[in-house]
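The values are calculated or read from the model by the stated rules, or taken from the named source; none is laboratory data. This is a predicted model, so every value here is computed, not measured. All Cβ positions, even for glycine, are placed from backbone atoms using ideal geometry, and neighbour counts span all protein chains on display.
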Amino acid sequence: MMEDKESKSILAELLFIHGEPVTIDVLKNILETDKVETERLLTELISEYQLKNTGLLIAEVAGGFQMVTNPGFAPWVKKLLSTAIPVRLSQQSLETLAIVAYKQPIIKAEIEAIRGVNSDGVLRTLLERRLVKILGRKEVPGRPLMYGTTKEFLQYFGLNSLSELPTSKEFQETDASPPEKEVIETSHAEEQKMLDNRLYAQEAVY
């Protein structure tokens with residue numbers, strides 16, 4: 001049986017190499033231990049990384065665990081990202097994505113009724129980036145496709161579940177505007193939270 005130090009080193013290596021959220025089940029199978037033991041090791045590992053305050057942290061994201069950048073070093077990350085061509089969603093895509101996130105399952109006609117413009121191209125982009133998926137067809141005349149968010153959506157915005165999205169009450173406390181109309185794009189390095197207070201769509205630096 002491996003010692004805790006070795007087990008935690010293996011966990012850190014797995015999360016670093018994989019680059020995507022890894023579930024407890026996958027990690028426990030690799031370590032050949034039980035779920036409780038794996039959760040204990042991960043909890044200790046998360047605390048150790050926080051105490052070290054290095055450039056990396058371990059966070060629970062999209063139902064799994066992932067090695068992420070430390071928000072405290074965002075200014076330096078921002079400098080690096082500013083030297084490259086940023087890969088961001090357009091404001092139109094962010095607006096549409098916010099509508100889908102809050103109204104899912106939702107059909108294209110309902111999205112367009114809220115936005116007031118055709119959304120074919122925007123939906124196609126979100127589908128290609130796997131931030132939105134087709135959930136099926138609505139049982140109404142014409143049986144239109146229904147859309148919803150994906151696991152990649154949670155990962156992209158650093159969310160563990162949809163329950164972490166701000167509630168309507170939180171929006172009312174900060175701004176009377178409807179959330180789907182309040183999507184604001186911020187700088188890439190700061191885009192680490194999703195829909196913060198007024199639905200600031202912020203692209204995670206994971």
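Counting residues in the stretch 42-55 that are of a type in the set (A, V, I, L, M) and within 15 Å of the chain's Cα centre (by Cα) gives zero. Within the stretch 81-92, not a single residue is touching an Asp or Glu at 6+ places or on another chain (Cβ under 9 Å), closer than 22 Å to S163 by Cα, modelled with pLDDT under 90 and among the hydrophobic types (A, V, I, L, M, F, W, C).
Is at least one residue of the stretch 93-115 β-branched (V, I, T), assigned to a loop (DSSP other than H, G, I, E, B), modelled with pLDDT of 90 or more and surrounded by fewer than 20 Cβ atoms within 10 Å (Cβ to Cβ)? Within the stretch 93-115, not a single residue is β-branched (V, I, T), assigned to a loop (DSSP other than H, G, I, E, B), modelled with pLDDT of 90 or more and surrounded by fewer than 20 Cβ atoms within 10 Å (Cβ to Cβ). In the stretch 64-78 there is no residue matching the filter, namely being of a type in the set (V, I, T), exposed (fewer than 14 other Cβ atoms within 10 Å of the Cβ) and assigned to a helix (DSSP H, G or I).
Out of E44, E20, E48, one residue alone is under 20 Å from L154 (Cα atoms) and either in a strand (DSSP E or B) or in contact (Cβ under 8 Å) with a residue 40 or more places away in the chain (or both). It is E20. Scan the stretch 25-40 and tell me whether some residue there is within 19 Å of the chain's Cα centre (by Cα), outside the structural domain of G158 (by TED's automatic domain parsing), surrounded by 12 or more Cβ atoms within 10 Å (Cβ to Cβ) and under 28 Å from S163 (Cβ atoms). No, that holds for no residue.
For the stretch 23-40, which residues satisfy the criterion of being farther than 14 Å from G63 by Cβ, part of a loop (DSSP other than H, G, I, E, B) and out of contact with any Lys or Arg (no Cβ under 7 Å at 6 or more places or on another chain)? Answer for the stretch 23-40, where residues must be farther than 14 Å from G63 by Cβ, part of a loop (DSSP other than H, G, I, E, B) and out of contact with any Lys or Arg (no Cβ under 7 Å at 6 or more places or on another chain): E32, T33. Quick one: in the stretch 126-158, of everything that is modelled with pLDDT of 90 or more and polar (S, T, N, Q), which residue is surrounded by the most Cβ atoms within 10 Å (Cβ to Cβ)? If we take residues in the stretch 126-158 being modelled with pLDDT of 90 or more and polar (S, T, N, Q), then T149 is surrounded by the most Cβ atoms within 10 Å (Cβ to Cβ).
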